[in-house]
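**Student:** For reference, the structure I am asking about is given below.
The values are calculated or read from the model by the stated rules, or taken from the named source; none is laboratory data. Keep in mind that what you see is a predicted model, and the values were worked out from it rather than measured. No Cβ is skipped: glycine too gets one built from the backbone with ideal geometry, and neighbour counts run over all protein chains shown.
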Amino acid sequence: MRRFFALARTAALESLAESLSAVVFLAALLLVHLAPVFHYHRFGEAARLPRECGLSALLVFGLAFATSAAVRTIGRELSSGTASAALALAVPRALFHCAKTAGVFAAFLLFAAAAACATLLSARTSALGAQIAATGVDVRIWGPGLMCGVGGTILAFAMAAAANRFMRWRFCVSACLMTAFAQPVALMAAFAMGGFADDGALARGMARLFPAFAVLAGGCLVFVALAAALATRFKASVVAAVMAGAVVASFLTAPMAQMCPFAGGVIRALLPALSDFWVADQLLGGGAMQMDEALRLLAVSALLVAFWMGVGSVMLSRRELP
Amino acid sequence: MSESIVEIKGVSKTFKDFWLRPVAEAVRGVDIEVEKGDVFGLLGPNGSGKSTTIKMLLGLLKPSSGEIRLFGLPPHDRRARARLGYLPELSYLHPFLTARETVLYYAGLSLMPRRAAKARAAELLATVGLAGNEDRPVGGFSKGMARRVAFAAALVAQPELLVLDEPTSGLDPIGTRDVKNLIRRLADGGMTVLITSHQLFDMQDICSRVAILSHGRVVGGGRISDIVSKASDKRHALEDYFAEVVA
C-alpha cells in the first residue's frame, strides 16, 4: 500500500499542480457562487439556476479538468520516461496504473465536494432573496451568502498567492486546496450568520443536494477511468477525440437504443448513460432523489470504473516502454 | 567462482510498427555477463543498442529472442528488480516535487521505512552536492542539478546493482569528477555498476570491464587493464581501441 499511496499522492499533486487546475477551480466555483446574480428571468424555483449551474460546473469543468489531468499524469509520464524510472523498480504496472488513476480521482472528488458545498450555499443565497411577484421577478440576493461564497473563494486564492510568496508553497496546488476548503468554511459561516431557516435546514439541504452530486461525480469518474486507460496507449489528441465521442454517445444512449438496440446496449455496457446520472429534475420543487436509485447508479459507476481501470492495467502491462 | 549479476545471452530486439512489420533491428544476438563487484561499461556510438539493451534488462522492453537473467531471475521478476537502482538517460523528474520529495518518492516505491528514508535522502543529497537545495522544486533546477537529484534517487534504496544510463550527461567538469569519484566509492563498497556512456576517457578511469556495441552487436570488449596493457598510448587506450573495433 505504501507504493500505492506514494504514486497516488504524486498523481493527485500533479493533477493540481498545473495552472489549468487553479483556473478551473477558481472559475467554476466563482461561477456557482455568482449564479444568484444572474436571476434575470423566472425559473419557477429560485434555487434552480444555482443548483443546475453547480451540477453543470461539475460535469463540464470537472470532466475537462480530470480527463486532462489523467492524460497528463499517465500519458505524459509514459512518454517522457518518468514512468520508466518507477517501473524499472519493483513496481507492478497494474499498481502503477491504478494508483495514478486513484490520484486523479482524489483531485476530481476534491473539486466535486467543493462544487457541492458552493452549490448548496449559492442555492440558499438565491432562495432566501428572490421574491417572485405575480407580474415578474424582484430579485434581492441574500448579501451575506454571496459575500461568504465569493469573498471566501477570492480570499482563499489570495492566501495561496501569499503562501507562495512568503512560504514558497506550490501556488497552483495550494490555490486548488485552499479554494476547495474555503467552500465548506463559507457554508458554515453563512449558516452561522443565519443563512438557513433553522438548524435542520443545512442538513436537509445536504441530504437533498449531495446525493445528486455524488451520482454525477460517479458518472464522471467512469470517463476519467476511460481517459486514463486510453492514455496508456494513445496520444493526448486521440484521447481527447475519443472522450468527446464517448461523452456525446453516453448522452444519446436512449435515442441510440431506439434506433439500434445493439449499439445502445454496447454503449450502456461500457459507459454511464449520462441522462440517467443528471438528476437535476428530481430536485425540483423541494424534491429529492431516491436513495436506492442513487445507490444503484453509484454501483453501476463503480463497476464501470473497475472495468476501465482493469482495461488500462492490461494495456499498460502489454506496452513496451522504449 | 564469481557470481553473475547480469546474464544476457543471444538477445535480439526488433521494433515493429502498428502492423507488426519490422522497423528496426536494434539489438542482434548480444551476449554480456556482469559479475558481482564489476563496474561494467556498455559503450557504443549513437544508435548502437545500448539503451535498448538496458531497457530489456530492466523489463521495460521484451526481447524478440534470447534470454536475460538478473540476479539469476527473469528481468520482470519483482525480487530481481527490487535489488537494482536505475538512472535514466534523461533526468525525468516531477517538476513540482522538491529534491527531497523526489528522493523520498523513490524511497517509497522501494518500500524503505519512512524514517530511514528521510535520513538517507538527506545524506544522499549532501553526497551529490545538493545540500541547501533540498527544498527547492526540481522544475527550477539546471540540467546538471536535476541529474544529481536523479542520481540520489537511484541510490536511495541501497541497490546491489546500479544501472546508469549516461550518468555524466549534462554535468559540468566538477560534477563529472564528483560522479566518477562516487561511482568509485560505490564500487569499492561492493556495489555492481553497469554504465552506458560516450565519455570514453571517463569510462577508462572507472570501469573494470567494458563491452562495445555497434549496430546492435557486441564488436569488442574485455578488461580495461588488458586493453590498457596492449595499448601504445596508455592515456587514450580505450578511445583508440573503441575507434579500432567500431571502424
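**Student:** For region B:161-185, enumerate the residues that are touching a helix residue (DSSP H, G or I) at 6+ places or on another chain (Cβ under 8 Å) and in a strand (DSSP E or B). Explain how you work it out, then say what you get.
**Tutor:** First, pick out the residues of region B:161-185 that are touching a helix residue (DSSP H, G or I) at 6+ places or on another chain (Cβ under 8 Å): B:162-165, B:167-172, B:175-176, B:179-180, B:182-184.
Passing the criteria: B:L162, B:V163, B:L164, B:D165.
**Student:** In a loop (DSSP other than H, G, I, E, B), within 13 Å of the chain's Cα centre (by Cα) and either crowded, with 16+ Cβ neighbours inside 10 Å or more than 9 Å from chain A (Cβ to nearest Cβ) (or both), is that true of B:S48?
**Tutor:** Values: in a loop (DSSP other than H, G, I, E, B): yes; within 13 Å of the chain's Cα centre (by Cα): no; either crowded, with 16+ Cβ neighbours inside 10 Å or more than 9 Å from chain A (Cβ to nearest Cβ) (or both): yes.
The answer is no for B:S48.
**Student:** For region B:186-247, please list each of the strands (runs of 3 or more DSSP E) lying entirely inside it that holds at least 2 residues being among the small types (G, A, S).
**Tutor:** Details: elements: B:192-197, B:209-214, B:217-223.
Output list reads B:209-214, B:217-223.
Rundown of residues vs (1) within 14 Å of chain A (Cβ to nearest Cβ); (2) in a helix (DSSP H, G or I); (3) surrounded by fewer than 18 Cβ atoms within 10 Å (Cβ to Cβ); (4) among the charged types (D, E, K, R), yes/no style:
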position	(1), (2), (3), (4)
B:I8	no, no, no, no
B:K13	yes, no, no, yes
B:A26	yes, no, no, no
B:I32	no, no, no, no
B:L42	no, no, no, no
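**Student:** Same structure, new question: Out of curiosity, is B:E89 surrounded by fewer than 20 Cβ atoms within 10 Å (Cβ to Cβ), more than 7 Å from chain A (Cβ to nearest Cβ) and assigned to a strand (DSSP E or B)? Show your work before the answer.
**Tutor:** Values: surrounded by fewer than 20 Cβ atoms within 10 Å (Cβ to Cβ): yes; more than 7 Å from chain A (Cβ to nearest Cβ): yes; assigned to a strand (DSSP E or B): no.
Judged against the criteria, B:E89 is not a match.
**Student:** Let me ask something else about it. Evaluate region B:229-236: report whether one residue or more is modelled with pLDDT under 85 and either crowded, with 22+ Cβ neighbours inside 10 Å or aliphatic (A, V, I, L, M) (or both).
**Tutor:** Yes: one or more hits.
**Student:** If I filter region A:58-81 for residues that are away from every other protein chain (no Cβ under 14 Å), out of contact with any His (no Cβ under 7 Å at 6 or more places or on another chain), closer than 25 Å to A:G285 by Cα and buried (at least 20 other Cβ atoms within 10 Å of the Cβ), do I get at least one hit?
**Tutor:** Looking for residues that are away from every other protein chain (no Cβ under 14 Å), out of contact with any His (no Cβ under 7 Å at 6 or more places or on another chain), closer than 25 Å to A:G285 by Cα and buried (at least 20 other Cβ atoms within 10 Å of the Cβ), one finds at least one in region A:58-81, hence yes.
**Student:** Moving on to the next point. Using beta carbons and a limit of 8 Å, which pairs, at least six apart or on different chains, have the first residue in region A:276-290 and closer than 15 Å to A:G218 by Cβ and the second one modelled with pLDDT under 80 and part of a helix (DSSP H, G or I)?
**Tutor:** A:M289/A:Q282; A:M289/A:L283
**Student:** Also: If A:A88 satisfies every condition in (1) surrounded by fewer than 22 Cβ atoms within 10 Å (Cβ to Cβ); (2) more than 23 Å from the chain's Cα centre (by Cα) but one, which is the exception?
**Tutor:** Single failed check for A:A88: (1).
**Student:** Output the residue which, of all residues in region B:127-160 that are in a loop (DSSP other than H, G, I, E, B) and among the aliphatic types (A, V, I, L, M), is nearest to the other protein chains (Cβ to nearest Cβ). Working first, answer last.
**Tutor:** Of all residues in region B:127-160, those in a loop (DSSP other than H, G, I, E, B) come to B:128-136, B:141-142, B:156-160.
Next, from what is left, pick out any that are among the aliphatic types (A, V, I, L, M): B:128, B:130-131, B:156-157.
On the way: B:V128: 16, B:L130: 17, B:A131: 18, B:V156: 10, B:A157: 8 Å.
So the residue we want is B:A157.
**Student:** Given the criteria of a type in the set (G, A, S), closer than 30 Å to A:L78 by Cα and assigned to a helix (DSSP H, G or I), does A:A240 qualify?
**Tutor:** Numbers: of a type in the set (G, A, S): yes; closer than 30 Å to A:L78 by Cα: yes; assigned to a helix (DSSP H, G or I): yes.
Answer is yes for this residue.
**Student:** Let me ask something additional. Filter the helices (runs of 4 or more DSSP H) completely within region A:82-189 down to those with at least 1 residues that are at pLDDT 90 or above and in contact with a Pro (Cβ under 7 Å, 6 or more places away or on another chain). Give the steps one after another, and end with the answer.
**Tutor:** Numbers: elements: A:82-87, A:93-129, A:143-146, A:152-167.
Hits in region A:82-189: A:93-129.
**Student:** What residue, among those in region B:98-126 that are outside any helix (DSSP H, G or I) and within 7 Å of chain A (Cβ to nearest Cβ), is surrounded by the most Cβ atoms within 10 Å (Cβ to Cβ)?
**Tutor:** Start the filter on region B:98-126 by keeping residues that are outside any helix (DSSP H, G or I), which leaves B:98, B:110-113.
Now restrict to residues that are within 7 Å of chain A (Cβ to nearest Cβ): B:110-111.
On the way: B:S110: 23, B:L111: 15.
If we take residues in region B:98-126 being outside any helix (DSSP H, G or I) and within 7 Å of chain A (Cβ to nearest Cβ), then B:S110 is surrounded by the most Cβ atoms within 10 Å (Cβ to Cβ).
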